[in-house]
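Asks: Before anything else, here's the structure in question.
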Amino acid sequence: MSTIERAEVFVASPGRTFVTLRITTSDGVTGLGDATLNGRELAVASYLQDHLVPLLIGKDPARIEDMWQYLYKGAYWRRGPVTMTAISAVDTALWDIKGKVAGLPVYQLLGGRSRDGVMVYSHASGTDVPSLLDDVQRYLDLGYKAVRAQAAVPDVGGTYGVRKGTVYEPAASTLPDEQPWDTEAYLRFAPTYLDAVRERFGFGFHLLHDVHHRLTPIEAARFGKRVEDAQLFWMEDPTPAENQEAFRLIRQHTTTPLAVGEVLTSIWDVQHLITEQLIDYVRTTVVHAGGITHLRRIFDLAALYQVRTGSHGATDLSPVSLAAAVHVDITVPNFGIQEYMGHVDETGEVFRSGVTFADGMLHPSEEPGLGVEYDEKAAERFPYEPRYLPVARRLDGSVHDW
Ligand code: CS2
Ligand code: MG
């Protein structure tokens, strides 16, 4: 029987920071898992290196479900982003190995294709409405069928989601950048630029917007109602989702579809959002919600309630979890959309991925496993650079949700 012989944890910053787990079996088969948690990455690296790796050595890599249960129940202290990201990385690496041993791409192990490709959306942004409209045009010209729109709020410095130059990376400073936030200014301005996008480009593509946890439930209800004419594909993270009950209030006031889940890390964290149909899309990911094994559980629960998938896929998710996401997305019956920002060139020097983009869709590699290789020699050229995500403060100086 093949056993797990080695498990290595790599922390490097090729364009941005990624934590990568590589498991190697006694037969020399390797598997990769993404263990990146933007702004708290060393916590996961240590959880893996100091607590999980000693438990992996000598185990049967084929027993994926058993390993998941062993690491989840065996911790005693359950759930949360650090624990679940570490378990996700192990799970994903074992699926990669299983695919390589079987000589099949992972999606074939998950039931095969349900669709020809995985529709994606990217991030258009602007420091003002004209530059936002130019950016939307750019993505439509690239063939995207779905575009997210975010613009800076005039006279308020820190608006979420506005790219600086060619790359969007919010974790950009060695200490948290404190950004001002003015809810009323956002509520007055954001609907106007979403209307401007529809006025310029019409309704022949999907338009998305990320509120990024910034509103109270009643403010989110007001925003959702105001933007109904823009016919959004979704309004994302309208209010912090720890209070799942809040979405009932939003639901009572607006038909704008709701998308939640990128910061949620288990089926229990989205259970009521799904079973009470408080959301339309669930945004949980391979890298933060327990790997392929647990994410499929979440998506299967969602399918029972006609909630569709819409996994997070910003650049702080590595090419490993993006590849795994596409293998899951191409198979699930209730697929909705996949976020895809694309990674910078330096990232591609370290992660060689077989995922391809065409006609507004991503397509999985046909290589056995996930179809991603990690070049640790190249990674040595990009040593770890600690970075923090910003903190938002209201105009009175109190901390707000970033
Ligand atoms: C955002 C993320 O892509 C999104 O929907 O919410 O970019 C988020 O801000 C980052 O992943 C945080 O690191
Ligand atoms: Mg988001």
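Asks: Out of (1) open to solvent by 40 Å² or more (accessible area, probe 1.4 Å); (2) of a type in the set (A, V, I, L, M); (3) closer than 14 Å to Gly290 by Cα, what's the single condition that is false for Ile57?
Replies: (3)
Asks: Among the residues of the range 277-320, which ones are of a type in the set (D, E, K, R) and under 21 Å from Arg148 (Cβ atoms)?
Replies: Result: Asp280, Arg283, Arg308, Asp316.
Asks: Please determine, by comparing only the residues of the range 249-264 that are more than 16 Å from ligand 2 (Cβ to nearest atom) and part of a loop (DSSP other than H, G, I, E, B), which one is surrounded by the fewest Cβ atoms within 10 Å (Cβ to Cβ).
Replies: Thr255
Asks: So which residues in the range 199-215 are free of Cβ contacts under 8 Å to residues at least 24 places away in the same chain and either surrounded by 17 or more Cβ atoms within 10 Å (Cβ to Cβ) or of a type in the set (Ser, Thr, Tyr) (or both)?
Replies: None - no residue of the range 199-215 is free of Cβ contacts under 8 Å to residues at least 24 places away in the same chain and either surrounded by 17 or more Cβ atoms within 10 Å (Cβ to Cβ) or of a type in the set (Ser, Thr, Tyr) (or both), so the list stays empty.
Residue-by-condition table, conditions (1) farther than 20 Å from Glu373 by Cβ; (2) of a type in the set (A, V, I, L, M, F, W, C); (3) within 22 Å of the chain's Cα centre (by Cα):
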site: Thr3; (1), (2), (3): yes, no, no
site: Thr24; (1), (2), (3): no, no, no
site: Ala45; (1), (2), (3): yes, yes, yes
site: Asp50; (1), (2), (3): yes, no, no
site: Asp60; (1), (2), (3): yes, no, no
site: Arg63; (1), (2), (3): yes, no, no
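Asks: Can you find even one residue in the range 240-248 that is touching a residue at least 40 places away in the same chain (Cβ under 8 Å) and within 16 Å of ligand 2 (Cβ to nearest atom)?
Replies: yes
Asks: So which residues in the range 6-54 are surrounded by fewer than 24 Cβ atoms within 10 Å (Cβ to Cβ) and of a type in the set (Phe, Trp, Tyr)?
Replies: Phe10, Tyr47
Asks: Against the condition in contact with a helix residue (DSSP H, G or I) (Cβ under 9 Å, 6 or more places away or on another chain), in the same structural domain as Asp329 (by TED's automatic domain parsing) and closer than 30 Å to Pro333 by Cα, how does Val147 come out, does it pass?
Replies: yes
Asks: Identify all residues within the range 326-345 that are closer than 18 Å to Tyr374 by Cβ and without any contact (Cβ under 8 Å) to a residue 60 or more places away in the chain; write none if there are none.
Replies: none
Asks: Specify the residue that is surrounded by the fewest Cβ atoms within 10 Å (Cβ to Cβ); the eligible residues are those in the range 150-166 that are among the aliphatic types (A, V, I, L, M) and either within 16 Å of ligand 2 (Cβ to nearest atom) or over 27 Å from Ala230 (Cα atoms) (or both).
Replies: Out of the qualifying residues, it is Val162.
Asks: Here are some conditions: (1) within 16 Å of ligand 2 (Cβ to nearest atom); (2) under 17 Å from the mean Cα position of the chain (by Cα). Ala392 meets all but one. Which one does it not meet?
Replies: The single condition Ala392 does not satisfy is (2).
Asks: Can you tell me which residues in the range 98-136 are in a loop (DSSP other than H, G, I, E, B) and out of contact with any His (no Cβ under 6 Å at 6 or more places or on another chain)?
Replies: If the condition is that a residue be in a loop (DSSP other than H, G, I, E, B) and out of contact with any His (no Cβ under 6 Å at 6 or more places or on another chain), then Gly103, Leu104, Leu110, Gly111, Gly112, Arg113, Ser114, Arg115, Asp116, Thr127, Asp128 are the ones that fit.
Asks: Ok, one more. Working only within the range 175-198, note down all residues that are open to solvent by less than 10 Å² (accessible area, probe 1.4 Å) and over 19 Å from Gly157 (Cβ atoms).
Replies: Of everything in the range 175-198, those that are open to solvent by less than 10 Å² (accessible area, probe 1.4 Å) and over 19 Å from Gly157 (Cβ atoms) turn out to be Pro191, Leu194, Val197.
Asks: Of the residues that make up the range 170-193, is at least one within 16 Å of ligand 2 (Cβ to nearest atom), under 19 Å from the mean Cα position of the chain (by Cα) and under 25 Å from Thr255 (Cα atoms)?
Replies: Scanning the range 170-193 turns up no residue that is within 16 Å of ligand 2 (Cβ to nearest atom), under 19 Å from the mean Cα position of the chain (by Cα) and under 25 Å from Thr255 (Cα atoms).
Asks: May I ask you to list the residues in the range 144-156 that are outside any loop (DSSP other than H, G, I, E, B) and away from ligand 1 (no atom under 14 Å from the Cβ)?
Replies: Once the filter is applied, which keeps residues that are outside any loop (DSSP other than H, G, I, E, B) and away from ligand 1 (no atom under 14 Å from the Cβ), the range 144-156 yields only Ala151.
Asks: OK, next. Pull out all pairs, ordered by first then second residue, where Cβ-Cβ is under 6 Å, the residues are six or more apart or on different chains, the first lies in the range 89-108 and is aromatic (Phe, Trp, Tyr), and the second is part of a helix (DSSP H, G or I).
Replies: Trp95/Val106; Trp95/Ile292; Tyr107/His327
Asks: Moving on. So for the range 217-234 (the condition being modelled with pLDDT of 95 or more, away from ligand 2 (no atom under 16 Å from the Cβ), more than 27 Å from Gly143 (Cα to Cα) and surrounded by fewer than 16 Cβ atoms within 10 Å (Cβ to Cβ)), does at least one residue qualify?
Replies: Scanning the range 217-234 turns up at least one residue that is modelled with pLDDT of 95 or more, away from ligand 2 (no atom under 16 Å from the Cβ), more than 27 Å from Gly143 (Cα to Cα) and surrounded by fewer than 16 Cβ atoms within 10 Å (Cβ to Cβ).
Asks: Taking the range 94-128 on its own, how many of its residues are over 23 Å from Trp68 (Cβ atoms), under 22 Å from the mean Cα position of the chain (by Cα) and more than 16 Å from ligand 2 (Cβ to nearest atom)?
Replies: Qualifying residue count for the region: 8.
The values are calculated or read from the model by the stated rules, or taken from the named source; none is laboratory data. Everything quoted here is computed from the prediction, not taken from an experiment. Using ideal geometry, Cβ is built from the backbone for each residue, glycine included, and neighbour counts are taken over all protein chains shown. Side chains included, ligands, DNA and RNA excluded: accessible areas come from the protein's heavy atoms. Shrake-Rupley method; radii C 1.70, N 1.55, O 1.52, S 1.80 Å.
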